[in-house]
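One structure below.
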Amino acid sequence: MDRRRFITTLLATCLLPSTRALANPLTPFTLKEDDESASFVIELEGNNEHKVFTLDNPPRVVIDLPQVTRIAPSTAPKQHAGIVKDVRTGHRDGGIRIVLDLKTLKQPKTHIRQLDANRSQLIVSINDPDPLMAAVTAEAKSHNAPRKAIIEIDAGHGGKDPGCISADDHYEKYVAMGVADYLKERLDKDDRFEPSLTRDSDIFIPLHERVLMARNHHADLFMSIHADAAPSTSASGASVYILSQHGASSAMARWLAESQNSADRYASTRDSEIYSDDPDVQSVLIDLSMRGTDVASQKLAQTTLSNLGDVTHLHNDRINKAAFAVLKSPDIPSMLVETGFMSNRGDCQRLLRNAHQQQLAEALHQSVADFFEKNPLPA
Ligand SMILES: [Zn+2]
C-alpha cells in the first residue's frame, strides 16, 4: 500500500505544433511529487516524440518535446513541496523544453501509455521503481477514494474588459468578481468541493482560455458569473443561461450572447493567434459529447434558478439558451448566471452591496450542492 501523499500541481498547458494544433490545441501536464519521488505526466496527441535526460549543477531532469511548439501561460500557483524545486519551460530547437529542477539528482524513467489511437501520455517518473505501476496506483487511488467535485468559478470580464457599465459608472467586472470571491470562499469551506477561479484579480482573460482552464483543471462544473445590461433600463432580475446549440432562445438571449462574446474583441493579436477562429479548433471545444452535458446543464440551471429566486427577483423563470462562447466546454456541465442588470438602477444598487453579493454566492453554493446531491460524481 502506497502511503505517500501526492501533491498535484497543474503547472501549465502546452500548445501542440500547428499541424496537430488543429486537432488538440491545449495539452495539460501535471506533476505529482512527494519527498522521495515525482511523476510528471503530459498528454500528447499524435506524434509523441520525446527525449528525457539528466544534467548536473544544478541537478535537473530535462524533457524535450520537439513536436510541441508553444506554451500557454501557467494559470496555477506553483507549489513544490517534494523533490522538485522548480519547473521551467522554454523553447528549444523548434520544440519545447521542460526542466524539472531537483533537490538532488535522481534518474528518471520514462513510459508511454497509449490512451487511444491518437493520444498518449508521456510519464516521467523520478526515483519511482515502476513508473507504470505508480501511474496505475495513483489512478486506482483516485477512483477508490471519494473525491471532491471540482468547481470552476468564472468571474466575467476583467482587466481592460469592464463588462456592462451602469449609468453611474459602475463596472460589471467588479460585481462578478465580488460574487465569485464569496462563492469560492464558501466552497473552500465545504469539503465536498474544490473550487477554482479562472481569475482572482482584475485581469483580462480571453473567453476561450477560460473554457480551457476549466478543462485543464478537470472541472466537474463550470459557472460563469455576470451582471447584464439591456437596452431598456426597466429590465431587471437574475437569469440563468446554458449553451444553445441551435441559436438563442429569445431576442434578449441573442443580444446578450453577442455582447458577452464580444469580450474577445479585447483580446490582443497574440491571444487570437492562440485561439484561432479555425473551425477545426472550435470543434474541439464544441464536441458532440456536449449532448450528454446538455441535460446536466439543464438540471444545474433549473436548481440555480430556483435558489436564486429565494434571494433576488428573477428576470424570467425559465432557463435561457444562448451561444455564449464561455459555455462551450465539451464535457463539463456549464452555466452562465446573470445576477441582475447593471442597467437597472435598483438592481445595480443591490449588486454593488457586499451583503447581496454574499446572498447570491450562498444561493449558488446551494445550487452546486443540490446538483451534486442529485447527480453524484461517478464512483
Ligand atoms: Zn458579462
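Below is a table of values for the structure above.
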read-out	value
Pairwise FRET efficiency - Lys160 versus Lys103, Cβ, R0 = 35 Å, nearest 0.05	0.30
Nitroxide proxy distance, nm - points 7 Å out along Cα→Cβ at Ile112 and Asp169	6.1 nm
22 Å Cα-Cα threshold exceeded, pairs from Lys32/Lys189; Lys148/Lys374; Lys160/Lys299; Lys189/Lys321; Lys32/Lys109; Lys148/Lys299	Lys32/Lys189; Lys160/Lys299; Lys189/Lys321
Förster radius 35 Å - calculated FRET efficiency between Lys374 and Ala81 (Cβ-Cβ, nearest 0.05)	0.45
Pairwise FRET efficiency - Asp191 versus Asp310, Cβ, R0 = 22 Å, nearest 0.05	0.35
Computed label-point distance, nm, for sites Ala355 and Asp202 using a 7 Å Cα→Cβ extension	2.6 nm
Where labels lie 7 Å past Cα in the beta-carbon direction, separation of Arg119 and Phe53 in nm	3.2 nm
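Every read-out reported here was derived from the displayed coordinates using simple, explicitly stated rules and does not represent laboratory data. Everything numeric in this text was worked out from a predicted model, so none of it was measured. No Cβ is skipped: glycine too gets one built from the backbone with ideal geometry, and neighbour counts run over all protein chains shown.
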